[in-house]
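The values are calculated or read from the model by the stated rules, or taken from the named source; none is laboratory data. Small disclaimer: the values here were computed from a predicted structure and weren't measured. Methodologically, a virtual Cβ is constructed for each residue, glycine included, from the backbone with ideal geometry; neighbour enumeration extends over all protein chains shown.
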Amino acid sequence: MAEDSKIFEENKNWSRKLEKEIEGKVNSLKWNFSPSSGKNIFSIDTPPPYTSGRPWHLGAAAQYSKIDAIARSQRMLGKEVLFPIGMDRNGIPVERYAEKKYDIRMRDTPREKFIDLCRESLDELEKEMFDILRSFAYSADFDQVYRTDSVEYRKLTQSTFIEMWKKGRIIRGTRPSNYCIDCGTTIADAEIEYKEMDTSLVYFYFKIKDSNKKILVASTRPELLGACSAILVNPEDERFKDFVNKTAITPIYNREVKIIAHSYAKAEFGSGAVMICSYGDYNDVMIIKELQLPENIIIDTNGRMNENAGDKLKGMKVKEARKEIISMLQEAGCVEKIEDIQHRTPMCERSKTPIEIIPLDEYYLKVTDIKDKLEELANELTMIPEQHKQILINWLKVSTDWPISRRRYYGTEIPLWYCKKCNEPYVPEEGKYYQPWKENPPEGAVCSKCGGKEFVGDDRTFDTWMDSSVSALYVTKYLSDKNFYEKTYPLSLRTQGIDIIRTWLNYSILRCYLLTDKLPWEKAWIDGMGLDEHGEKMSKSKGNGIDPTIVIEKYGADAFRFWAASEALPGSNFLFSESRLQGSAKFLTKLWNVARLINKFGNSYDINEIQLNESDKWIIAYMEKLTEECRKGYEELNPFIPANRVREFMWNVFAPHYIELVKARAYGESFSENEKKSAIYALNYVFRRILLLMSPITPFITQTLWSTLYKEESIHYQMIPEAKGYDDKLLLLGDRIMEFNSKVWNAKKEQKLSLRDAIKIEIPRDLEPFEKDLKSMHNIIN
RNA sequence: GGGCCUAUGGUCUAGUGGUUAUGACGUCUGCCUUACACGCAGAAGGCCGGGAGUUCGAACCUCCCUGGGCCCACCA
């Protein structure tokens, strides 16, 4: 024992230093999945981290550490666990990252070259990501990392797209999109920033048809007058009561538009009447859709007015056109006044120019016709916690067809070509990875419509969620291994954050259902968000993100993992607090020191040779109860329960009451050999169990203690035993012991005695079986 | 503006329709008691956001209000 115990002599505290010593061992354990092991399969669809963010913030690392605790605990409950790790590497964020890093612009860079630079960036970022994951012993199968930009993965994305194309689920449509004129592309909502801009609010009159009345409208976008399709007034607004359902005549263009009562128009703003144009903003989009108003597009993708704007404005840029139409309106005598106002304008985050909402020809995945079915599926899915299901249900109610094409470079290519003669799309067969922007269609391709043999490739990519939404199919080998797929799909569990319910969860259900006719998983475990110490979401723009590597280096990975598990129930948001993390580190040191004590006594006793003492029976019964509770927590995918139960037991029962009660006996002072052995047996019985219960949450310290104290193979290959039956009466007696202890401590305090001083105090009759231990613990002399 | 969630001692958190509401951190007091001062023991501190209701009884169920968080939409 002496040699192994050196670590205990040299270290009074658990620390990151000790974790580093065991890191190699902990991370070298293999977690390969074997579908034919005969055990029940527990398969997890984990989020492939997005590789562009730096640093990966603490909230995300905390979430992954909880997911890891779930995977580890399922193994220790006897399951064959599929716990894959992937990297999400497609899409706009990495393109941006590369642009910034190499000071280039995507569209000014040859596509091949740009793709190479993106891939280079990704490889670096990915390495950092793996390092972080390994630093807290994430136990996925790192021998089989998947990447969403690999040929294999993109093949799956494309094949499943083609499958859906053949099923008629892909539609082509021209719908309003965010369009940055400067960048020449559609951009995502997330890429828009709002900025207060000085602008003019122009008040001008429309004539009412067949009347000499006029209606006053206020607009910041008068250049869109030619695209005006209605005027809205609030139904409660007395000023306009008589105008509702009348027809107005647009100045300049002399077109007829209806005046409609609609709550969107606010009486307080401007003149109280608003003109709806295609498209000034997304309200216009909504209103035009809702009221089924005609669409009249007057701005082209170069940011110039087109022929629909009239001869005078045609060819002008938006700003010039605005100036021009104002003077035209003034000449026509329609302008009442012009106010200078501040206006929040949607701008392209990158070019800092206003975006326009322009209908573009894009592909959509049709969902609107199966919304009822999706809602049904959502209701069938078990969500943990159940309350978060509402977010998905609510979203399903308002969601529309999913636009899936992007005018970008670094993504999975849309596998389509178009006939040069008639523009008919040509769809290749599934099962290969296609790059239409640089490849010809497969040999022998013929246009199904006109028989043409020359094609031009689609140069767009997919929305990156098209890739990640089939992760459940990729990890179960949907295309590549039928046997494996049938054993593992649907998966047992999806784990993810609450922030991507509308995207990843929603799109995954949609895609997998359309392809397999089933929900991809039995359960979805939805975690809350990591917030900063003030309860605000961590984000780059706020600058309040915390780097997990710094925290882990300072306090240790186990302290971090224990903090994450014990801080909040899964599903709740959790606030980062350094002092609470310190509390977790202290707890690990407590565990460490209990081990140091137990180590002094050795442990090689056979239960069959020992007559157990009453105190020892009590703590073992307590341990069985705790095991039962913790197992239940793990079965419910809730590491919060074991983390907190074990901590409470350790710190409030085991260390202060039980250990103090039996310490002298374990040292063997004035006790029989059997009494001594009984104490040592129970101390080890309980401590081993504690280590097992803790090991999914704190893999480092438990591994170190397990190998130092018990010299057995890795704790991470052990099972958590089922709880044995226990006697409730014994537990009640245990509570009486703890009450009595406090009573004695209080008495000593009142009498200004030190804790080891002798005291005269009566031991309650029901505690007679424990009398000898109690006397030695408190130095009671009667 | 719309939706969802949430509200428990200074801070953060657990909790069940029913006797003195859980734990952690912090605070105060006393202790280096053969594992731990990152410790031990003791103590203070909460009308469980406000109001109404259901009930024999509510922190726990219902409604309203208020505060907070998140998502969506953002002012023609």
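Against the list (1) within 15 Å of RNA strand B (Cβ to nearest atom); (2) closer than 22 Å to A:Lys207 by Cβ; (3) at pLDDT 85 or above, the condition A:Ile299 fails is (2). The condition (being farther than 28 Å from A:Lys12 by Cα, of a type in the set (Lys, Arg) and out of contact with any strand residue (DSSP E or B) (no Cβ under 9 Å at 6 or more places or on another chain)) is satisfied by just one residue among A:Lys600, A:Lys625: A:Lys625. Set side by side, the residues A:Asp616, A:Asp606 differ, and just one is of a type in the set (Asp, Glu) and either within 15 Å of RNA strand B (Cβ to nearest atom) or under 26 Å from A:Glu768 (Cβ atoms) (or both), which is A:Asp616. The condition of being among the small types (Gly, Ala, Ser) and on the phi > 0 side of the Ramachandran plot holds for only one of A:Ala137, A:Ala71, that being A:Ala137.
Residue count for the stretch A:271-296 under the criterion of being more than 10 Å from RNA strand B (Cβ to nearest atom), of a type in the set (Asp, Glu) and crowded, with 20+ Cβ neighbours inside 10 Å: the result is 0.
The residue list A:Glu762, A:Glu750 contains one member that is out of contact with any strand residue (DSSP E or B) (no Cβ under 6 Å at 6 or more places or on another chain), over 30 Å from A:Pro642 (Cβ atoms) and modelled with pLDDT under 90, which is A:Glu750.
Within the stretch A:312-335, being more than 16 Å from A:Thr199 (Cβ to Cβ) and surrounded by fewer than 14 Cβ atoms within 10 Å (Cβ to Cβ) holds for A:Lys312, A:Ser327, A:Gln330, A:Glu331, A:Ala332, A:Gly333. On the given criteria, is A:Tyr153 of a type in the set (Phe, Trp, Tyr), over 23 Å from A:Arg561 (Cβ atoms) and crowded, with 22+ Cβ neighbours inside 10 Å? Taking the combined requirement at face value, the residue satisfies it.
Looking across the stretch A:220-241, the residues that are over 18 Å from A:Lys317 (Cα atoms) and either touching a His at 6+ places or on another chain (Cβ under 9 Å) or touching a residue at least 24 places away in the same chain (Cβ under 8 Å) (or both) come down to A:Cys228, A:Ser229, A:Ala230, A:Ile231, A:Leu232, A:Val233, A:Asn234, A:Pro235, A:Glu236, A:Asp237, A:Arg239, A:Phe240.
Number of residues in the stretch A:235-270 that are part of a loop (DSSP other than H, G, I, E, B) and either surrounded by fewer than 21 Cβ atoms within 10 Å (Cβ to Cβ) or β-branched (Val, Ile, Thr) (or both) equals 19. A:Leu637 meets all of the listed conditions (1) part of a helix (DSSP H, G or I); (2) in contact with a helix residue (DSSP H, G or I) (Cβ under 6 Å, 6 or more places away or on another chain) but one, namely (1). The residue that is nearest to A:Gly556 (Cα to Cα), among those in the stretch A:67-83 that are part of a helix (DSSP H, G or I) and among the charged types (D, E, K, R), is A:Asp68. Scanning the stretch A:114-145 for residues that are closer than 25 Å to A:Ile404 by Cα and either of a type in the set (A, V, I, L, M) or surrounded by fewer than 18 Cβ atoms within 10 Å (Cβ to Cβ) (or both) yields A:Ile115, A:Asp116, A:Leu117, A:Arg119, A:Leu122. Output the residue which, of all residues in the stretch A:372-394 that are surrounded by fewer than 16 Cβ atoms within 10 Å (Cβ to Cβ) and touching a helix residue (DSSP H, G or I) at 6+ places or on another chain (Cβ under 6 Å), is farthest from A:Pro520 (Cα to Cα). Looking at the filtered set, the residue picked out is A:Ile393.
Got at least one residue in the stretch A:47-66 being modelled with pLDDT of 90 or more, assigned to a loop (DSSP other than H, G, I, E, B), under 27 Å from the mean Cα position of the chain (by Cα) and not polar (S, T, N, Q)? Yes, because at least one residue in the stretch A:47-66 is modelled with pLDDT of 90 or more, assigned to a loop (DSSP other than H, G, I, E, B), under 27 Å from the mean Cα position of the chain (by Cα) and not polar (S, T, N, Q).
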